[in-house]
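Accompanying notes for the structure given below.
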Amino acid sequence: MEMKLDHIKLKQLREARAWSQAHLAEVSGISLRTIQRIEKSGVASPESVKSLCATFEVKLDELLIHQKTKPEFAPTFSAALACKLSQMNKSATLISFTLAFAIAYLLSQ
């Protein structure tokens, strides 16, 4: 399982210490090629992430990009009404709205 990292923050942490990618690879125990790949794509194995967190003395949450969950679908009144109307017989709907309008008109008099 691969994890998505904030590769920009990772690079900032490395550069704040004036470390090269090669030096980071040496102190973290991760290969240079893997460091290069992580900084470019932001994707790393859990073992690499743990090693980087330990090397930079940061918590896992500080490096991970949290996936946004999809918002729950909350239909609006107009969307629910449109859905209901599309399922109903259109002529029955027209008669119902006409009667409702006529009743509302008569009650307002």
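The values are calculated or read from the model by the stated rules, or taken from the named source; none is laboratory data. Please read these numbers as outputs of a predicted model, since none were measured by experiment. FYI the Cβ positions are ideal-geometry reconstructions off the backbone, even for glycines, and counts take in every protein chain you see.
What about residue 92, is it assigned to a helix (DSSP H, G or I), at pLDDT below 90 and small (Gly, Ala, Ser)?
yes
So, in the range 20-79, of the ones that are surrounded by fewer than 17 Cβ atoms within 10 Å (Cβ to Cβ) and of a type in the set (Phe, Trp, Tyr), which residue ends up modelled with the highest pLDDT?
77
State all residues of the range 46-65 that are closer than 18 Å to residue 27 by Cβ and touching a strand residue (DSSP E or B) at 6+ places or on another chain (Cβ under 8 Å); if no residue qualifies, say none.
Result: 49, 52, 63.
Please note which helices (runs of 4 or more DSSP H) are completely contained in the range 1-53 and include at least 2 residues that are in contact with a Leu (Cβ under 7 Å, 6 or more places away or on another chain) and under 10 Å from residue 63 (Cα atoms).
Qualifying helices (runs of 4 or more DSSP H): 7-16.
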